[in-house]
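Participant: Here it is, the structure, as structure tokens.
The values are calculated or read from the model by the stated rules, or taken from the named source; none is laboratory data. Computed from a predicted structure; not experimentally measured. With ideal geometry, Cβ positions are generated from the backbone for all residues, glycine too; neighbour counts draw on all protein chains shown.
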Amino acid sequence: MFENLQDKLQRAFKNLRGQGTVTEENINEALREIRLALLEADVNLSVVKELIDHIRVKALGTEVMTALSPTEQVVKIVRDELVLLLGKDTARFQFASRPPTVILMAGLQGSGKTTTSGKLAAWLQKGGHRPMLVSVDVYRPAAREQLKVVANSIKAKLYEGDTKGEEAGPALVERLAKEARREAVNTGCDTLIVDTAGRLGIDSLLMDEMAMLKTLLAPQEILFVADAMTGQDAVNSAKAFHDRLALTGTVLTKMDGDARGGAALSIRHITGQPVKFIGTGEKPDAFEAFHPDRIVSRILGMGDMMSLIERAESTLDKKKSEDFAKKVLSGDGFSLEDFRDQLRQIRKLGSLQSIIKMLPSVGPFQGMQQMADQVDEKQFNRVEAIINSMTNKERNNHEIISGSRRKRIADGSGTSVQEVNQLLKQYAQMRKMFKGMGKGGGAMQRRAMSMMGGMKGLGR
């Protein structure tokens, strides 16, 4: 979601290249570009003003490292200031000294509270916790049913409760909350996630109910769920909730969308509370802790290798990866069957675009992001279909695949002979690329770009 901001900041830094020193004149020109880039990204005006002032003081002050070029100096200062703006350190999650830990999910209707509640439960399960979910939204039956579906999909405990009694409105909400906490204790659940009701806008009834739940449950965390696509509206809503409830943090949803990123950069400064998690997709595991330094690295085009590594470690089959690496490094190359297995592994990490956007956009990876945007993800299905249509002998020895075999493979996979030929050519290029891995980054980059180009054109 930070692509536009990244491009504009890179343009501002580019204007400084070739300058011998940082002067007030050239830094002012760069700051104008940076200010415009932030405003266009929907960053709050007061945040932009304060950030630019801090960058100007540091860029023209004595803190500048003389060993760096003007561009490097400004990039470093912008990076440091953005990290400070976002909270510097990754926010810690608060747990109760005596279970259950109560987490109150707040937010407006449509912000993604229910889905986020399920994602948070799945995240806690990965950490060895035993969460229980409960919906106290007694005004929309569909909300309670949605949470039930979400809980079933991640195999998390759910307290449904009886909503057919005499109570209604806040009285029913209060009873469900009390019963859910008691049930969590009785069943050994160490965390209770309370999915609350939302409104289309801030109103006194909503706030009164949230305040009642806070007093009743004494939650360790009050998380405001904000739709990053709504920009400054999300920031304003977060401030209103914080003024009344004293939030402990924010969860930004739809961070994989085409939002401009202003909410992520503004919300902590305005509320004084950290962004703790971000939602990066629709699946239950598309949820991660918010790391300010990593987000800033993405914004500045430096990539986010740590998040990519963590995603790989939690998703990929370690033994298969090690076996493949041994084959490659042995010099014997790898078969089409190995290629298919690795393709399946990579697809577990997410879309190719999401993977490559975590790589730096400078150095040997420069240009990869632009090329990734042109890749049709559906082509991976065709690649796998082609390899599946081969015999085991053909997959392990591609040189025996003659013209007649190629025709049979194309018919069996619903593709054309041209597509089969293109895949085999691409596979051969990849073998060469891996054989040359130890011969320098430049050669590897050219081969990787060539491989990406082949993938882009497959099936056209």
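Participant: Residue under question is residue 214, and the condition is that it be surrounded by fewer than 16 Cβ atoms within 10 Å (Cβ to Cβ), farther than 20 Å from residue 124 by Cβ and over 25 Å from the mean Cα position of the chain (by Cα); does it hold?
Facilitator: Considered against the rule, which asks whether it is surrounded by fewer than 16 Cβ atoms within 10 Å (Cβ to Cβ), farther than 20 Å from residue 124 by Cβ and over 25 Å from the mean Cα position of the chain (by Cα), residue 214 comes out as no.
Okay, residues lined up against (1) part of a loop (DSSP other than H, G, I, E, B); (2) in contact (Cβ under 8 Å) with a residue 40 or more places away in the chain; (3) in the same structural domain as residue 240 (by TED's automatic domain parsing):
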residue	(1), (2), (3)
29	no, no, no
33	no, no, no
58	no, no, no
77	no, no, no
81	no, no, no
96	yes, yes, no
105	no, yes, yes
139	yes, yes, yes
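Participant: Would you point out the residue of the range 118-139, among those that are farther than 18 Å from residue 104 by Cβ and of a type in the set (D, E, K, R), that is surrounded by the fewest Cβ atoms within 10 Å (Cβ to Cβ)?
Facilitator: If we take residues in the range 118-139 being farther than 18 Å from residue 104 by Cβ and of a type in the set (D, E, K, R), then 126 is surrounded by the fewest Cβ atoms within 10 Å (Cβ to Cβ).
Participant: Looking at the range 71-107, which of the residues that are charged (D, E, K, R) and farther than 16 Å from residue 296 by Cβ is modelled with the highest pLDDT?
Facilitator: Only one residue tops the list, namely 98.
Participant: Which one of these is in contact with a Pro (Cβ under 7 Å, 6 or more places away or on another chain) and either more than 26 Å from residue 202 (Cα to Cα) or assigned by TED's automatic domain parsing to the domain that holds residue 218 (or both): 88, 113?
Facilitator: Step by step, each of 88, 113 is checked, and only 88 is in contact with a Pro (Cβ under 7 Å, 6 or more places away or on another chain) and either more than 26 Å from residue 202 (Cα to Cα) or assigned by TED's automatic domain parsing to the domain that holds residue 218 (or both).
Participant: Exactly one of these conditions fails for residue 202: (1) touching a helix residue (DSSP H, G or I) at 6+ places or on another chain (Cβ under 8 Å); (2) among the β-branched types (Val, Ile, Thr); (3) surrounded by 17 or more Cβ atoms within 10 Å (Cβ to Cβ). Give me its number.
Facilitator: Here residue 202 meets the rest and fails (3).
Participant: Would the range 179-198 turn up any residue that is over 22 Å from residue 124 (Cα atoms) and not small (Gly, Ala, Ser)?
Facilitator: no
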